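One structure below.
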Amino acid sequence: MSGNSYGKLFTVTSFGESHGAAIGCIVDGCPPGMELSEADIQHDLDRRKPGKSRHTTQRREPDAVQILSGVFEGRTTGAPIGLVVQNVDQRSKDYSEIAASFRPGHADYTYTQKYGFRDYRGGGRSSARETAMRVAAGAVAKKYLKERYGVLVRGYLSALGPIRPNTFSWDPVEENAFFWPDAAMVPGSRPTWTACARRATRSAPSDGGRHRVPPGWGEPIFDRLDADIAHALMSINAVKGVEIGAGFESVRRRAPSTATR
């Protein structure tokens, strides 16, 4: 199974499963001499960790990161940095009923077709739990970019369905579970928020998407087929954003006869 590494000069390789003992990553290419502690990484992991809101997964994980290598006396050595987060709230028995079935919107069917085997406990490598290590590795990169080049990387929720912020400020972003930039519109204070959140997190089955290629194309994690397509599209000079799926739907609505060929 390839596709678990990203980058060339700064390379991140993630490992571990959703319901295994731990998840982790190797960060290779971080320059030596930068001050780095677990606290530098933990802040971003705390922003991401599950169970903070009823609108996210209710799995309870502290996501406490450990630095295993690449740091000596508080500074990076230039050697690969090993990071690990223990899984403490994996309830594999909760998934026993889907061992012989496939969940819509998940990679269960694709993994079975590609490898002839799948880890049904929460999706294994296809679980969103894997993204915790991208956050950890990203925290290392963010720290270097800020100290070396003065680059500040931040993020916020710019829209929830039809809802857009009326004003913008970074101050309230860290103060609410949705990372919303308008303090007067903090999620939960209006019925529309609850309705949109419920639609986004409802447990009802989905019909899934349209299959245009045989199952199993692409590789897990960083080399997924849609990621490769976005990579190719973003390499075009004038392209600054990609929304996979919306384009096809708009074509389907305009000309149904051409979308089913």
**Study point:** Rounded accessible area of Asp182 (nearest 10 Å², 1.4 Å probe)
**Key:** 10
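Students sometimes get this wrong: rank Met1, Met234 by accessible area, probe 1.4 Å, all chains present, largest first. If you can, show how the numbers build up before the last one.
Numbers: Met1 120, Met234 85 Å².
Ranked list, largest accessible area first: Met1, Met234.
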Revision key, fill the gap. In Å², rounded to a whole number, the accessible area per residue of region 69-173 with probe 1.4 Å is 58
**Study point:** Neighbourhood charge, 10 Å Cβ-Cβ cut-off, centred on Glu219 and excluding it, Lys, Arg +1 and Asp, Glu -1
**Key:** 0
Review point. Kirkwood Rh over Cα pairs of region 107-146 into Stokes-Einstein at 4 °C, 1.567 mPa s: D in µm²/s?
Key: 110
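The values are calculated or read from the model by the stated rules, or taken from the named source; none is laboratory data. The shown structure was predicted, so the numbers you read here are calculated from the model rather than taken from an experiment. Every residue, glycine among them, receives a Cβ derived from its backbone with ideal geometry; neighbour counts consider all protein chains shown. Areas reflect the complete protein model, heavy atoms only, side chains present, ligands, DNA and RNA absent. Shrake-Rupley method; radii C 1.70, N 1.55, O 1.52, S 1.80 Å.
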